[in-house]
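Report on the structure given below.
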2 protein chains.
Amino acid sequence: MKNLIIASTSTLHDGEYLDYLLPELAVHFKDVKTLIFIPYARPSGISHEAYTSKVSEAFAKIHIKVKGIHEFENPAEAIQNAEGIFTGGGNTFLLVSQLYRYNLMSLLTETLKKGTPYLGTSAGSNITGLTMQTTNDMPIIYPPSFQTLGMVPFNLNPHYLDPDANSKHMGETRETRIKEFHQFNSLPVLGLREGSWLDVKGEKIILKGDLQARLFRQNQNPEELPTGSDLSSLK
Amino acid sequence: MKNLIIASTSTLHDGEYLDYLLPELAVHFKDVKTLIFIPYARPSGISHEAYTSKVSEAFAKIHIKVKGIHEFENPAEAIQNAEGIFTGGGNTFLLVSQLYRYNLMSLLTETLKKGTPYLGTSAGSNITGLTMQTTNDMPIIYPPSFQTLGMVPFNLNPHYLDPDANSKHMGETRETRIKEFHQFNSLPVLGLREGSWLDVKGEKIILKGDLQARLFRQNQNPEELPTGSDLSSLK
């Protein structure tokens with residue numbers, strides 16, 4: 001049965017990397033000695049090695065070792081044998097391109113369906129939706145497809161940002177962009193604010209963290225969902 | 001010889017649609033009686049018809065008629081015979097998909113090289129670069145390619161937004177996103193702030209408007225360019 005934490009962000013403004021999630025992760029990964037980390041999204045372009053070191057430092061606090069998937073000769077085998085998997089944030093186009101390049105997309109879906117515990121943050125959360133089409137990232141690389149893992153039956157918008165009433169900037173708001181998505185796509189989109197996450201256990205999907213999430217559905221007004229909401233029947 | 005205005009935005013915060021550009025456009029389109037409008041980017045998902053009406057109202061102020069390209073049975077012919085062309089903002093993925101769908105991308109390049117005066121705003125400016133890979137938009141539709149018109153030998157980031165020092169939001173800044181682009185791509189990227197535009201006459205490219213633009217090059221620190229800068233040799 002599926003066992004995922006799908007977090008909006010890795011880091012809160014006043015915190016260290018992953019700190020706010022560590023108590024939750026200590027439980028989530030309680031049977032994990034070595035976590036497989038997927039660093040492909042490379043935030044700010046940092047190397048796989050540097051990114052993996054940063055993640056190792058954070059998980060050392062809860063006594064979990066981290067191995068980057070780039071360290072394996074056979075990344076597919078690494079996924080299949082993983083005790084737990086974490087995909088970090090960065091650029092979603094790059095992440096998805098790499099997952100396809102190494103034929104890991106459908107393998108990851110199969111593996112997570114079998115119950116390997118998973119953590120995603122930001123881009124690593126985006127890919128747990130049906131498609132990556134509600135990412136905030138720049139298309140720095142052309143992926144072979146926008147289809148992603150489909151671990152939840154909707155799409156995600158991590159780092160969801162409310163419109164700033166004082167801004168004079170005329171670029172589209174996040175809400176406008178999601179509205180444009182809904183001109184062509186009927187999937188619900190969940191805007192996850194920083195500090196929120198989804199806890200997926202089997203077919204049960206619960207909103208956690210202190211904040212509300214914002215749910216967008218085609219041809220409907222957006223809806224605020226309180227923390228604790230059960231999203232299991234959303235589709 | 002090329003003759004383009006490539007504007008960051010259609011609308012300033014305190015202004016009406018296209019108002020700040022109208023004096024410039026009256027000169028740019030002085031020989032144009034009927035302008036061909038490309039509404040494919042559909043901001044907020046508005047229809048081709050509604051978008052074209054809005055544009056017609058603005059151009060009526062400088063006595064230019066507007067016809068939407070969707071009104072033609074043969075859009076390729078409409079491009080070839082156009083006295084002037086305007087591509088409005090909205091979603092760049094959608095715009096690029098439609099241009100490829102109707103086989104207009106390379107035709108538009110050829111037509112603009114011959115000198116048909118062109119105006120782009122936002123997404124309509126994005127496509128004048130070599131690729132659409134520095135757009136801010138959501139990938140709501142999967143285009144057959146990210147290649148665009150190549151009217152300037154670099155890429156554009158319209159609605160360029162400086163980092164907000166007071167923000168507690170942890171999503172990537174625009175500058176970080178462009179840095180990620182430069183991990184994989186060597187093209188310069190020009191961040192055009194709202195109210196700035198490029199004036200392209202033949203091979204001459206001049207920055208206009210009141211503001212500076214921000215130039216990003218691979219492996220170099222970003223650079224502020226004053227208005228009036230000559231970008232003709234940038235590549």
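The values are calculated or read from the model by the stated rules, or taken from the named source; none is laboratory data. Just so it is clear, the model here is predicted, and its values are computed rather than measured. In this analysis, Cβ positions are derived from the backbone assuming ideal geometry, glycine residues included, and neighbour counts consider all displayed protein chains. Calculation scope for accessible area: heavy atoms of the full protein, side chains included, ligands and nucleic acids excluded. Shrake-Rupley method; radii C 1.70, N 1.55, O 1.52, S 1.80 Å.
What to note about this one:
- Single residue of segment A:16-43 satisfying the filter (within 14 Å of chain B (Cβ to nearest Cβ) and open to solvent by 40 Å² or more (accessible area, probe 1.4 Å)) that is nearest to residue A:138 (Cα to Cα): A:42
- Qualifying residues in segment A:149-186 (those that are more than 11 Å from chain B (Cβ to nearest Cβ) and open to solvent by 30 Å² or more (accessible area, probe 1.4 Å)) - the one nearest to residue B:93 (Cα to Cα): A:186
- None of B:220, B:183 is without any contact (Cβ under 8 Å) to a residue 24 or more places away in the chain, farther than 21 Å from residue B:120 by Cα and in contact with a helix residue (DSSP H, G or I) (Cβ under 6 Å, 6 or more places away or on another chain) except B:183.
- Checking the stated criteria, residue B:229 turns out not to satisfy the condition of being modelled with pLDDT under 95, open to solvent by 10 Å² or more (accessible area, probe 1.4 Å) and away from chain A (no Cβ under 12 Å).
- Taken over segment A:207-218, residues that are more than 30 Å from residue A:27 (Cβ to Cβ) and surrounded by fewer than 19 Cβ atoms within 10 Å (Cβ to Cβ) amount to 2.
- Criterion applied to A:210, A:199 was being within 27 Å of residue A:114 (Cα to Cα) and not hydrophobic (A, V, I, L, M, F, W, C), and the one residue passing it is A:199.
- Test: residue B:94 is closer than 24 Å to residue A:175 by Cβ, of a type in the set (A, V, I, L, M) and in contact with a Pro (Cβ under 9 Å, 6 or more places away or on another chain): yes
- Selection status of residue A:95, in contact (Cβ under 8 Å) with a residue 60 or more places away in the chain and of a type in the set (A, V, I, L, M): no
- Residue match in segment B:137-145 (condition: more than 9 Å from chain A (Cβ to nearest Cβ), in contact with a Gly (Cβ under 7 Å, 6 or more places away or on another chain) and either touching a residue at least 40 places away in the same chain (Cβ under 8 Å) or open to solvent by less than 40 Å² (accessible area, probe 1.4 Å) (or both)): no
- Filtered residue count, segment B:187-206, keeping only those that are farther than 17 Å from residue B:127 by Cβ and either within 14 Å of another protein chain (Cβ to nearest Cβ) or open to solvent by 30 Å² or more (accessible area, probe 1.4 Å) (or both): 8
- Looking only at segment A:44-58, and only at residues there that are more than 14 Å from chain B (Cβ to nearest Cβ) and farther than 19 Å from residue A:79 by Cβ, the one that is surrounded by the most Cβ atoms within 10 Å (Cβ to Cβ): A:58
- Put simply, of A:120, A:129 the only residue that is touching a residue at least 24 places away in the same chain (Cβ under 8 Å), within 27 Å of residue B:168 (Cα to Cα), open to solvent by less than 10 Å² (accessible area, probe 1.4 Å) and away from chain B (no Cβ under 14 Å) is A:120.
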